[in-house]
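One structure below.
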Amino acid sequence: LRKVTVSKPELAMLARVIYGEARGEDYKGQVAVGAVVMNRLHSPLFPHSVSEVIMEPHAFSAVADGQYWLIPDETAFKAARDAVRGSDPTHNALYYYNPDTATSKWIFTRKVLEKIGSHSFAV
């Protein structure tokens, strides 16, 4: 497990993106969304802070459509804490999408590592 320390504001940001993106998913699916954010922190392809990863333009639909600003529940915070502690049911995925609603042709070119709930997790 890769463990990273994040501040309380960063944990809240992670919980917000999890809640905005995956509140309808089971717990594993919520941890998986958080894991993608954490995996991006370790990748040279992405910014190296939680806030920069989450707020990167076009990175997360919940930020773009305002769902990010919903108040996360305790499950989203627990999923965020587990993702920060290194739990990663995605096997190091850097992207995720819902194949039923995704409109980007590019995302369908990514190699899928895992399917959890309604999301595909890919590199």
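For the range 69-97, filtering for residues that are within 13 Å of the chain's Cα centre (by Cα) and in a helix (DSSP H, G or I) leaves 8. A Cβ distance below 8 Å, combined with a sequence gap of six or more or placement on separate chains, defines the contacts here; from the range 6-17, residues that are at pLDDT 95 or above reach residues that are outside any helix (DSSP H, G or I) in the pairs Glu10/Ser49; Ala12/Pro72; Leu14/Val6; Ala15/Pro72; Arg16/Leu70; Arg16/Pro72; Val17/Phe60. A search for C-beta distances below 6 Å between a residue of the range 76-93 that is surrounded by fewer than 21 Cβ atoms within 10 Å (Cβ to Cβ) and any residue that is assigned to a loop (DSSP other than H, G, I, E, B), counting only pairs 6+ apart in sequence or on different chains, returns Arg85/Lys3; Gly86/Leu1; Gly86/Arg2; Gly86/Lys3. For the range 15-68, a tally of residues being open to solvent by less than 50 Å² (accessible area, probe 1.4 Å), in a loop (DSSP other than H, G, I, E, B) and of a type outside the set (Phe, Trp, Tyr) returns 6. If you go through the range 60-101 and pick out every residue that is among the hydrophobic types (A, V, I, L, M, F, W, C) and closer than 25 Å to Pro44 by Cβ, you end up with 9. Looking across the range 57-92, the residues that are of a type in the set (Val, Ile, Thr) and over 17 Å from Gly117 (Cβ atoms) come down to Val63, Ile71, Val84.
Can you tell me which residue within the range 94-113, out of those that are open to solvent by 60 Å² or more (accessible area, probe 1.4 Å) and among the polar types (S, T, N, Q), is farthest from His58 (Cα to Cα)? If we take residues in the range 94-113 being open to solvent by 60 Å² or more (accessible area, probe 1.4 Å) and among the polar types (S, T, N, Q), then Thr109 is farthest from His58 (Cα to Cα).
A Cβ distance below 7 Å, combined with a sequence gap of six or more or placement on separate chains, defines the contacts here; from the range 39-54, residues that are free of Cβ contacts under 8 Å to residues at least 40 places away in the same chain reach residues that are loosely packed, with under 15 Cβ neighbours inside 10 Å in the pairs Leu41/Val4; Leu41/His48; Pro47/Glu56. When Ile116 is tested against (1) out of contact with any Gly (no Cβ under 8 Å at 6 or more places or on another chain); (2) open to solvent by less than 40 Å² (accessible area, probe 1.4 Å); (3) more than 22 Å from Lys8 (Cβ to Cβ); (4) among the aliphatic types (A, V, I, L, M), exactly one condition is not met: (1).
The values are calculated or read from the model by the stated rules, or taken from the named source; none is laboratory data. Note that the structure is predicted; figures quoted are calculated from it, not measured. For neighbour counting, all protein chains shown are included, and Cβ atoms are generated from backbone atoms with ideal geometry for every residue, glycine included. Just the protein is used for accessible areas: all its heavy atoms, side chains included, with ligands, DNA and RNA removed. Shrake-Rupley method; radii C 1.70, N 1.55, O 1.52, S 1.80 Å.
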